[in-house]
Every structure is written in structure tokens, then in C-alpha cells.
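Asks: Right, I'll just put the structure down here and ask away after.
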Amino acid sequence: MNTYIIDTIAFLSYLADNLPIKADNVFKKAEKKVIKLLLPSIALGEALYTIYKGKEIFLIQLHLEKIDLIFQILQNGKMIQ
């Protein structure tokens, strides 16, 4: 199974539902468990910081509920490691 490393912007764009088409296809493959995504801990920390501080990603402010989603995705461990 192929593994792709994702950065903070890609992860935040995924959470904001604002990915470019090619990147969106990669995340969709990961959701279907065809590939795996690797999220470095520094990228996770930056994403959490961005959400907690209320900063906008591409003019979209992510709500704190997204943090629960992040931890659900990480606990599942099948899409993102």
C-alpha cells in the first residue's frame, strides 16, 4: 500500500473541504483505504494551533469541532498515521 506524506496546509485544506482536485483525489483514496497518509507530528501541532487560534485557511475559519474530527481520524489509524 502506498503512503503519502501530507503537510499542514494539505491537512487543513482537507478539513476546510478546500483541496485542489488532485489532492482531493489522494484524500478520497485514503478514505477508501486504498492508500495511507502520513501526518508528521509537527504538521499536526501546526494544524491544532491554527484551529485553536481561530486563524482562517483560504478565508475559511475552522471551528473547534474539527479538533474532535482530527482525533477520530487519528484514533482510527486507517486513513492517517
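Asks: Give me the pairs: first residue in region 1-15 and more than 10 Å from PRO40 (Cβ to Cβ) and polar (S, T, N, Q), second residue assigned to a helix (DSSP H, G or I) and open to solvent by 90 Å² or more (accessible area, probe 1.4 Å), beta-carbon distance under 9 Å, and six or more apart or on different chains, which are they?
Replies: ASN2/LYS29
Asks: Could you look through region 1-31, keep only residues that are out of contact with any Lys or Arg (no Cβ under 9 Å at 6 or more places or on another chain) and not in a helix (DSSP H, G or I), and pick out the one that is surrounded by the fewest Cβ atoms within 10 Å (Cβ to Cβ)?
Replies: Filtering first and then ranking leaves ASP17.
Asks: Answer yes or no as to whether LEU64 is within 16 Å of ILE9 (Cα to Cα), open to solvent by 50 Å² or more (accessible area, probe 1.4 Å) and aliphatic (A, V, I, L, M). Working first, answer last.
Replies: Working: within 16 Å of ILE9 (Cα to Cα): no; open to solvent by 50 Å² or more (accessible area, probe 1.4 Å): yes; aliphatic (A, V, I, L, M): yes.
Judged against the criteria, LEU64 is not a match.
Asks: Here's a check for you: in region 67-81, which residue that is of a type in the set (S, T, N, Q) and in a helix (DSSP H, G or I) is least open to solvent (accessible area, probe 1.4 Å)? Can you show your working first?
Replies: First pass over region 67-81, keeping only residues of a type in the set (S, T, N, Q): 72, 75-76, 81.
Okay, now just the ones that are also in a helix (DSSP H, G or I), so 72, 75-76.
Numbers: GLN72: 117, GLN75: 155, ASN76: 92 Å².
Top of the filtered list is ASN76.
Asks: Under 7 Å between Cβ atoms, which residue pairs at least 6 apart in sequence (or on different chains) link something in region 45-66 that is over 19 Å from ASP7 (Cβ atoms) with a partner that is open to solvent by less than 20 Å² (accessible area, probe 1.4 Å)?
Replies: Listed pairs, sorted by first residue: LEU64/ILE51.
Asks: Considering only region 32-50, how many residues are among the hydrophobic types (A, V, I, L, M, F, W, C), in a helix (DSSP H, G or I) and open to solvent by less than 90 Å² (accessible area, probe 1.4 Å)? Give the derivation first.
Replies: Taking region 32-50 and keeping what is among the hydrophobic types (A, V, I, L, M, F, W, C), we get 34-35, 37-39, 42-44, 47-48.
Filter once more, keeping what is in a helix (DSSP H, G or I): 42-44, 47-48.
Going one step further and asking which of them are open to solvent by less than 90 Å² (accessible area, probe 1.4 Å), we end up with 43-44, 47-48.
Qualifying residue count for the region: 4.
Asks: Here is a check on your reading of the model: is LYS22 within 19 Å of PHE71 (Cα to Cα) and free of Cβ contacts under 8 Å to residues at least 24 places away in the same chain?
Replies: It is false that LYS22 is within 19 Å of PHE71 (Cα to Cα) and free of Cβ contacts under 8 Å to residues at least 24 places away in the same chain.
Asks: Here's another thing I want to ask about it. Identify, from the list ASP24, ASP17, the residue that is among the charged types (D, E, K, R) and within 13 Å of LEU62 (Cα to Cα). Spell out how you get there, then give the answer.
Replies: Values: ASP24 fails: within 13 Å of LEU62 (Cα to Cα).
One residue alone meets the criteria, ASP17.
The values are calculated or read from the model by the stated rules, or taken from the named source; none is laboratory data. Every value quoted in this text rests on a predicted model; they were computed, and no experiment measured them. Here Cβ is always computed from backbone atoms with ideal geometry, including for glycine, and neighbour counts include all displayed protein chains. The accessibility values were calculated without ligands, DNA or RNA, using every heavy atom of the protein model including side chains. Shrake-Rupley method; radii C 1.70, N 1.55, O 1.52, S 1.80 Å.
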